[in-house]
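Below is one structure, written out as structure tokens; the observations come after it.
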Amino acid sequence: MKLSVIIPVYNEEGTISNIIRKVKSVKVEKEIIVVDDFSTDGTKEILENSGNLKIIFHDRNRGKGAAIKTGLKCVSGEVVIIQDADMEYDPQDYHKLLEPIIKKKAQAVYGSRFMGKGEFFVFPHYIGNKFLTFCTNLLFNSHLTDMETCYKMVRTDVLKSLKLESNRFEIEPEITAKLLKKGYKIYEVPVYYKGRQVWEGKKIGWKDGFIAFFKLMKYRLL
């Protein structure tokens, strides 16, 4: 089963080489698709010198969701995973995420930071994630522990059927809401996580949390 790894990246010159190296080292059949969302810090130049990748450059900054949608148009694997470029997640966990799909236990698998080990969030991000996951479970009668996780592994045909719309961080609740509303069970496995601070380049903020909440409400009611 071939895995397509979509890496949306924006101004990550300090980590992009390392995350690509780590993804390449995972012993699964895979392709790597990097979508640079108009980086201005040298990331683009690093990518231009990287081999064995599909690299797409946006002509303007559009957001994480837009980068994921661009990458999704190019996948050739049966399964897709989203990989942030900031080194918060360990690609070696791909094996754990793939297993339920290979065994046909699920068509969507999330890597839960709350079930796994690692260095967790700063307090506001912790509270925000817990609140949004609670809202998701309440609205969609689910039992998730980590709705906002980056590690969402989904069969390609299922992910494409969702007809994703969001261009920014609200892509996370959109994927989850649409999967649950269509009746897909989301299987969770524990993953390692080392949270990044704002001063280290963490981009998501409290405004994105409010937008995520309203997106959950929107997709529950539509």
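Taking only the Cα atoms of the range 69-134, how large is their convex hull per residue, in Å³? Spell out each step's value before the answer.
Values: hull volume 9.1 nm³, N = 66.
It is 138 Å³ per residue.
Quick one: give the max-minus-min coordinate of the C-alpha atoms of the range 123-182 along each principal axis, largest first, in Å.
Answer, in whole Å and largest first: 36, 25, 18 Å.
Calculate the all-directions average of the projected area of the range 27-147's alpha-carbon convex hull, and give it in nm².
On the way: hull surface 38.3 nm².
Its Cα hull, projected and averaged over all orientations, spans 9.6 nm².
Stokes-Einstein D for the range 63-222 at 25 °C, 0.890 mPa s, Kirkwood Rh over Cα pairs, in µm²/s?
Numbers: Rh = 15.8 Å.
Rounded, D is 155 µm²/s.
Once Rh is set to the Kirkwood radius over Cα pairs, what Stokes-Einstein translational diffusion coefficient, in µm²/s, holds for the range 152-197 at a temperature of 37 °C and a viscosity of 0.692 mPa s? Numbers along the way, then the final one.
Details: Rh = 12.2 Å.
Once the numbers are plugged in, D ends up at 270 µm²/s.
Return the single residue from 169, 123, 131 with maximal mean-square fluctuation; model: Gaussian network over the chain, springs between Cα atoms under 10 Å.
Top of the fluctuation ranking is 123.
Quick one: among 176, 15, 133, which has the greatest mean-square fluctuation in a GNM of the chain with alpha-carbon springs under 10 angstrom?
15
Could you tell me what percent of the DSSP beta bridges with both partners in the chain are antiparallel, to the nearest 5? Mind dumping the intermediate values first?
On the way: 7 of 29 bridges.
Taking every DSSP beta bridge with both residues in the chain, the antiparallel ones total about 25 percent.
How far, in nm, would the chain grow between residue 61 and residue 104 when pulled straight, counting 0.36 nm per residue and subtracting the alpha carbon separation? Each step should come with its number before you reach the end.
On the way: separation 43, 0.36 × 43 = 15.48 nm, distance 3.75 nm.
Using 0.36 nm per residue and subtracting the Cα-Cα distance, I get 11.7 nm.
Have a look at 82, 53, 112 and report the one farthest towards the positive end of the charge dipole of the range 25-142, computed about the Cα centre with Cβ charges (Lys/Arg +1, Asp/Glu -1).
Highest projection toward the positive end goes to 112.
Read-outs: derived from the displayed coordinates by stated rules, not from any lab. This is a predicted model, so every value here is computed, not measured. Heads up, the Cβs are rebuilt from the backbone with ideal geometry, glycines too, and the neighbour counts pull from every protein chain shown.
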